[in-house]
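Peer 1: Okay, handing you the structure first.
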Amino acid sequence: MPAEGSLPPGRKLRPRKPATRTPRAPLTLEGVAAAAFQVIEREGLDSLTMRKLADELGVQAASLYWHVKDKLDLIDLLAEALFAGFAPEEWAEVAPDGGEADWQSHLSRFAHGFRRYLLSRRDAARILTSKFVVGPSMLRHLDEQLGRIRAAGMDDRCAAYGFYNTLVFVHGSVLWETSPLSAAVARGVEPRQYLGELRAELDDLDPGTYPHAHALADELTRPGMDERFAFGLKCLLAGLAQQLNQP
């Protein structure tokens, strides 16, 4: 009887085949950004951490630091990625209005399309707020719009400030639209219900003390951000156009 742990007579030990592993694709900045957006879509920007991103990619957190220094660096990467994914012609609902000046028509189309694009991506406006990340995609949009404004005869200061304020208006509008209107809404009350209750409060105001808030209760609480955005953008572009006539 063979000793414990030995093979029976006539049997040979067969070498085991080495375990095969599917090679992992190397990390790229595009892959890092895509994985980060997946985390954001599920859990929001505040929940994005380097560790969660590493788990999403199936790598050790230390591997990420070869590509991004920290979360701040990651947000810059995502800002450029957002501009890379935006094509105005895919998001604008209508073609430029032939009745407007060329630069106004195209800047309006850009703004409307960019708003819709940001609204389609969770926390996109938060990623871009206060960011001036000069990457090839951002520069492409920047240079195209600045070129149209300057070609219309606007001076350099107005062209730069005009496009800057258009971006700020879009970002601010989207932030407003995607933020809870109140603590009650944050806790689950439907926005339309809240606006209805707010209108009732304004209607109950003493018109002698608050004549304008009382009179405009309907306009102040009426839902419909598309109309409000279009009005604000029209005013912004009209004011910018006036700069062409300034000495």
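The values are calculated or read from the model by the stated rules, or taken from the named source; none is laboratory data. As the structure is a computational prediction, the values presented were derived from the model and not from experiment. All Cβ positions, even for glycine, are placed from backbone atoms using ideal geometry, and neighbour counts span all protein chains on display. For the accessible areas, the whole protein counts, side chains as well, though only heavy atoms, and no ligand, DNA or RNA atoms are used. Shrake-Rupley method; radii C 1.70, N 1.55, O 1.52, S 1.80 Å.
Peer 1: Does W176 satisfy the criteria of being part of a helix (DSSP H, G or I), exposed (fewer than 14 other Cβ atoms within 10 Å of the Cβ) and not small (G, A, S)?
Peer 2: Yes; evaluated as a whole, the condition is true for this residue.
Peer 1: Hey, another quick one. Give the stretch 48-80 a look and list any residue that's open to solvent by 70 Å² or more (accessible area, probe 1.4 Å), outside any helix (DSSP H, G or I) and charged (D, E, K, R), or say none.
Peer 2: K69
Peer 1: I'd like the residue in the stretch 119-151 that is open to solvent by less than 70 Å² (accessible area, probe 1.4 Å) and either modelled with pLDDT under 90 or hydroxyl-bearing (S, T, Y) (or both) and, out of all such residues, is farthest from L78 (Cα to Cα).
Peer 2: Of everything passing the filter in the stretch 119-151, S120 is farthest from L78 (Cα to Cα).
Peer 1: Now for a separate question. Looking only at the stretch 224-231, decide whether some residue is in a loop (DSSP other than H, G, I, E, B) and at pLDDT below 90.
Peer 2: Scanning the stretch 224-231, I find at least one residue that is in a loop (DSSP other than H, G, I, E, B) and at pLDDT below 90, so the answer is yes.
Peer 1: Looking at the stretch 28-35, can you tell me whether even one residue there is open to solvent by less than 20 Å² (accessible area, probe 1.4 Å), touching a residue at least 40 places away in the same chain (Cβ under 8 Å), in contact with a helix residue (DSSP H, G or I) (Cβ under 6 Å, 6 or more places away or on another chain) and closer than 19 Å to M138 by Cα?
Peer 2: yes
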